[in-house]
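First comes the structure, then the notes that go with it.
The values are calculated or read from the model by the stated rules, or taken from the named source; none is laboratory data. Please read these numbers as outputs of a predicted model, since none were measured by experiment. Quick reminder, even Gly has a Cβ in these numbers, built from the backbone with ideal geometry, and neighbours come from all protein chains shown. Side chains are part of the model used for accessible areas, which takes the heavy atoms of the whole protein and leaves out ligands, DNA and RNA. Shrake-Rupley method; radii C 1.70, N 1.55, O 1.52, S 1.80 Å.
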Amino acid sequence: MDDSYLALLVDLHKRQKRQGPGGEVETGKAMALANLQKSGPLRIADIGCGTGASTLQLARSLNAEITAVDFLPDFIEVLKDNAETEGLSERIEPLVCSMEQLPFAEEEYDVFWSEGAIYNMGFEKGVNEWRRFLKPGGFLVVSEITWLTNTRPPKLQQYWEAQYPEIATASEKLKVLEAGGYSPIGYFVLPENCWLVNYYRPLQDSFPDFVARQKNDERATTIVESEKKEIALYKKHKSYYGYGMYVAQKFG
Ligand SMILES: C[S@@+](CC[C@H](N)C(=O)[O-])C[C@H]1O[C@@H](n2cnc3c(N)ncnc32)[C@H](O)[C@@H]1O
């Protein structure tokens, strides 16, 4: 992807509260599964944080210091502004960095949190590489695209396997966690409002302004068309795939 195309994508997405499916109720439910409200002070890393929907909620809800990591400086700038507005800056350390080159010490963190982002390095690689940064007994909380049924239309399967070969059912993901040295604590599926209401609706609402801002640039229109296709695909096939939220504890 060339830089100017990436700049367009950033311009579209940085104005959104979230850059992927998710929700406050669901983030809260994952916190509760890991029993984080009762613990603290915690060191948490939020990986692929985007403009910080989950980071800000974690900072608001927990006795914690949060390192918010994303490789896009524009997203981190928005997060910083939002943290300042909410008076949370002292508890959030923003870090522009690749999730594959984290500058952390072994066993530095109590929690690794990552909503809709681990796929960028691959689920298996992510859970295995991040493990060393967690204290023994620390928690990994990630959301990840997941098949919701054991079978699905072949064309859908081909599409997703081309996009992300690691797409799998929850039982397969849980096996990866177990093999990687984690004890699975909980799994649930993000309900469809996390996609349709929290993510896609505000994104769709922003398309006309985006295209106007980009002065009807052909690539901006192409981006909008591709987002519309993604939305239509989800609406048609939402009984077959979704985001699973996985909560697991490091053992050993
Ligand atoms: C689908 S968005 C999710 C953002 C946010 N967690 C949320 O739920 O709104 C994925 C995020 O991962 C970030 N990302 C992608 N590849 C990355 C990498 N290699 N290192 C760090 N961040 C990355 C993107 O910039 C983006 O903010």
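Have a look at Y164, Y187 and point out the one that is at pLDDT 95 or above and away from the ligand (no atom under 15 Å from the Cβ).
Y187
Determine the pairs where a residue that is at negative phi, located within region 90-119, has a partner that is among the aromatic types (F, W, Y) with Cβ atoms under 6 Å apart, the partner being 6 or more residues away or on another chain.
Sorted first by the residue in region 90-119, then by its partner, the pairs are S98/F71; F104/F133; E108/F133; Y109/F133; V111/F139; F112/W130; Y119/Y164.
Among residues belonging to region 58-74 that are open to solvent by 20 Å² or more (accessible area, probe 1.4 Å) and within 11 Å of the ligand (Cβ to nearest atom), point out the one that is farthest from R43 (Cα to Cα).
D74
For the subset of region 102-127 comprising residues that are touching a helix residue (DSSP H, G or I) at 6+ places or on another chain (Cβ under 7 Å) and aromatic (F, W, Y), which member is nearest to T169 (Cα to Cα)?
F123
Name the residues in region 12-40 that are open to solvent by 10 Å² or more (accessible area, probe 1.4 Å), within 13 Å of the ligand (Cβ to nearest atom) and either out of contact with any Leu (no Cβ under 7 Å at 6 or more places or on another chain) or assigned to a helix (DSSP H, G or I) (or both), would you?
H13, K14, R15, K17, R18, Q19, G20, E24, E26 - these are the residues of region 12-40 that are open to solvent by 10 Å² or more (accessible area, probe 1.4 Å), within 13 Å of the ligand (Cβ to nearest atom) and either out of contact with any Leu (no Cβ under 7 Å at 6 or more places or on another chain) or assigned to a helix (DSSP H, G or I) (or both).
Name the single residue, out of those in region 41-56 being among the hydrophobic types (A, V, I, L, M, F, W, C) and either part of a loop (DSSP other than H, G, I, E, B) or free of Cβ contacts under 8 Å to residues at least 60 places away in the same chain (or both), that is farthest from S98 (Cα to Cα).
L56
Can you name the residue in region 78-130 that is more than 30 Å from E178 (Cβ to Cβ) and in a strand (DSSP E or B) and is also least open to solvent (accessible area, probe 1.4 Å) among such residues?
Residue satisfying both the conditions and the ranking: I92.
Residue check: is T67 touching an Asp or Glu at 6+ places or on another chain (Cβ under 9 Å), in contact (Cβ under 8 Å) with a residue 24 or more places away in the chain, assigned to a loop (DSSP other than H, G, I, E, B) and of a type in the set (S, T, N, Q)?
no
Kindly provide the set of residues from region 131-164 that are assigned to a strand (DSSP E or B), under 22 Å from K29 (Cα atoms) and either free of Cβ contacts under 8 Å to residues at least 24 places away in the same chain or in contact with a Gly (Cβ under 8 Å, 6 or more places away or on another chain) (or both), ordered by number.
Within region 131-164, V142, S143, E144, I145, T146 meet the criteria.
Of everything in region 149-192, what is of a type in the set (K, R) and surrounded by 15 or more Cβ atoms within 10 Å (Cβ to Cβ)? Give them in sequence order.
Answer for region 149-192, where residues must be of a type in the set (K, R) and surrounded by 15 or more Cβ atoms within 10 Å (Cβ to Cβ): R152, K173.
Quick one: would you say F133 is within 28 Å of Q249 (Cα to Cα), in contact with a Leu (Cβ under 7 Å, 6 or more places away or on another chain) and buried (at least 18 other Cβ atoms within 10 Å of the Cβ)?
Answer is yes for this residue.
Under the condition of being farther than 20 Å from L9 by Cβ and open to solvent by less than 10 Å² (accessible area, probe 1.4 Å), which residue from region 41-53 is farthest from the ligand (Cβ to nearest atom)?
I44
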